[in-house]
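**Q** Structure incoming, see below.
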Amino acid sequence: MQRKFLTNLALVLALNLLVKPFYIFGIDAEVQVRVGTSAYGGYAALLSLSFLLNILLDLGITNWNTRHIAQNTHLMRKHVSGIVAARSLLAVLYAVAIFCAGWLLGYRGGQLHLLGILVLNQVLVSTILYLRSNIAGSQRFAQDSLLSVLDRVLLIGICAWLLWGRVQQGPFLIEWFAWAQTAAYGTTAVVALVMVARRAGGLRPRWDPAFTYSVLRQSFPFALLVLLMSFYYRTDTLMLERMLPDGDLQAGIYAQGFRFFEAFNMLGFLFAGLLLPMYSRMLKNKEDVGPLTGLALRLVLAGTLAVAIIGSFYAKEVMDLRYHEHTAESAPAFAVLIWSFVAVCTTYIFGTLLTASGDLKTLNMMAACGMVLNIGLNLVLIPRWQVLGAATAGLITQIAMALAQMTVAGKRYSMRPGFAQVLAPLAYVAVLAALAGWLRLEGTSLLKAAPLLAGTALLTALSTGLLPVKDIRSALQPPRHP
């Protein structure tokens, strides 16, 4: 299983590194430049609102389905046929809830129109994720990897024409960006549906109340988990926009740093997408999950800690790479947010393991505490420190969640790190932080410092054992057959 994890991780990382960074920094960031920080801040706040109630679209079905199909692939046709029909009703429920929430929060006119487009987009995205869960659950990771970037490839093409290819250049409207997403997501959803239909041997959508109730009853704990996590992951932008007098501007400034954080976080999310079906099958077959977990954690720490150190020491320079306004304000928030990247990626490993084991009660209790902690911290810190307050609240919450999940999973599966395993990341951080600090004092630019820090990170990871070369080489060797 470690060999399958490494080979498929290499594929999905390669595809996403080729596509998603260009989309985020070439397209999404350019849209913010064209429409202005305040207009984009309003869009970002509405997007966060659409995420907060996103769980009503899915009710935990996707995560439950990934685990279930990984263990019972032969039931795909029956489940997809029944679930597709039920999800159409969930889409209506979600749309009604979102518009009611938007109205209560004071959104009117053009804001509600934009929110309507975002609602449609969320329906399409949720549909894509559900269809992909069938492909990943059946261990078709290469096909799932291709689907994971298809929408972004299409969106890059559409937005590139809108931004640079039009004959008559003029003001760029944020609504164009939203409609471009609709076209890209719609096309990807159709492709995913065709792939699932072929894999399942045909589909016949049907409404079966008893089946729907059974699925929703089993998926409800997954739904609650996603809802609680969404609140402590997505409320910051919305609270900035609603709580401050210049909320649109502050949300737009926060979006500058959050965009970089989210770009890196997409790579971390790929670990969870691969690990959930793998863990689910391993646990069903009563295999030891310790080696795979240890390998994934060391790979995550080696990458995320290096990114966090470079990002925090050179935050202003990173912001200046893409933006020309408000970088002095967004840089401190980014320097904090990038450390959240380390904690979030850690939860992608241990939280995914607990999800695969079906221990949703413990995860939901932790997520509920995280939600209360994050909202409380935001209420206190945002009025005092604005965007830096929101970033600090997120970092504290994510660290608490990572430590809690690591502790529970470690006890449950008897995974106790030795002294060398604890010392390795500490030594790794100390070496990189010392070098980064010295380079900053010497006035070394980001473009010169980044390659030096990356090379030092690789050498340090190898020398400390943080990157287990022997284990990786052993895992990549093809299995021997008698």
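The values are calculated or read from the model by the stated rules, or taken from the named source; none is laboratory data. Keep in mind it's a predicted model, so treat the numbers as computed, not measured. As a convention, Cβ positions derive from the backbone with ideal geometry for all residues, glycine included, and neighbour counts pool all protein chains shown.
**Q** Go over the candidates ALA302, ALA328 one by one and state the one that is assigned by TED's automatic domain parsing to the domain that holds GLY42 and surrounded by 20 or more Cβ atoms within 10 Å (Cβ to Cβ).
**A** Going through ALA302, ALA328 in turn, the sole match is ALA302.
**Q** Of all residues in region 237-247 being assigned to a helix (DSSP H, G or I) and of a type in the set (A, V, I, L, M, F, W, C), which is nearest to the chain's Cα centre (by Cα)?
**A** LEU238
**Q** In this structure, is THR444 under 28 Å from the mean Cα position of the chain (by Cα) and modelled with pLDDT of 90 or more?
**A** no
**Q** I'm trying to understand the selection: among the residues of region 256-290, which are touching a helix residue (DSSP H, G or I) at 6+ places or on another chain (Cβ under 6 Å) and either without any contact (Cβ under 8 Å) to a residue 12 or more places away in the chain or among the hydroxyl-bearing types (Ser, Thr, Tyr) (or both)?
**A** Within region 256-290, TYR279, SER280 meet the criteria.
**Q** Still on this structure, please answer the following. Might you let me know whether region 50-69 holds any residue that is out of contact with any His (no Cβ under 8 Å at 6 or more places or on another chain), at pLDDT 80 or above and surrounded by fewer than 17 Cβ atoms within 10 Å (Cβ to Cβ)?
**A** Within region 50-69 (the criterion being out of contact with any His (no Cβ under 8 Å at 6 or more places or on another chain), at pLDDT 80 or above and surrounded by fewer than 17 Cβ atoms within 10 Å (Cβ to Cβ)), the answer is no, since none of the residues qualifies.
**Q** Just to be sure before I move on: is LEU216 surrounded by 16 or more Cβ atoms within 10 Å (Cβ to Cβ), touching a residue at least 60 places away in the same chain (Cβ under 8 Å), of a type in the set (A, V, I, L, M, F, W, C) and under 25 Å from TYR23 (Cβ atoms) in the structure I sent?
**A** It is false that LEU216 is surrounded by 16 or more Cβ atoms within 10 Å (Cβ to Cβ), touching a residue at least 60 places away in the same chain (Cβ under 8 Å), of a type in the set (A, V, I, L, M, F, W, C) and under 25 Å from TYR23 (Cβ atoms).
**Q** While we're here: Could you tell me which of the residues GLY311, GLY370, GLY376 is assigned to a helix (DSSP H, G or I), modelled with pLDDT of 90 or more, surrounded by fewer than 18 Cβ atoms within 10 Å (Cβ to Cβ) and not polar (S, T, N, Q)?
**A** One residue alone meets the criteria, GLY376.
**Q** Output the residues belonging to region 384-438 that are touching a Phe, Trp or Tyr at 6+ places or on another chain (Cβ under 6 Å) and among the polar types (S, T, N, Q).
**A** THR397, GLN405
**Q** So in region 122-163, with the set limited to residues that are within 19 Å of ILE61 (Cα to Cα) and polar (S, T, N, Q), which one is modelled with the highest pLDDT?
**A** GLN122
**Q** Going through region 45-77 one residue at a time, which ones are under 16 Å from the mean Cα position of the chain (by Cα) and part of a helix (DSSP H, G or I)?
**A** Listed by number, the residues that qualify are LEU47, SER48, SER50, PHE51, LEU52, ILE55, THR62, ASN63.
**Q** Moving to a separate point now. Could you please tell me which pairs satisfy a Cβ distance under 8 Å, a separation of 6+ or placement on different chains, a first residue in region 291-318 that is at positive phi, and a second residue that is assigned to a helix (DSSP H, G or I)?
**A** Matching pairs, first to second residue: none at all.
**Q** Taking region 397-430 on its own, how many of its residues are surrounded by fewer than 19 Cβ atoms within 10 Å (Cβ to Cβ), in contact with a helix residue (DSSP H, G or I) (Cβ under 8 Å, 6 or more places away or on another chain) and closer than 15 Å to LEU459 by Cα?
**A** Final tally of qualifying residues: 2.
**Q** Let me confirm something: among ARG234, ARG199, which residue is part of a helix (DSSP H, G or I), modelled with pLDDT under 75, assigned by TED's automatic domain parsing to the domain that holds ALA86 and not polar (S, T, N, Q)?
**A** The unique qualifying residue is ARG234.
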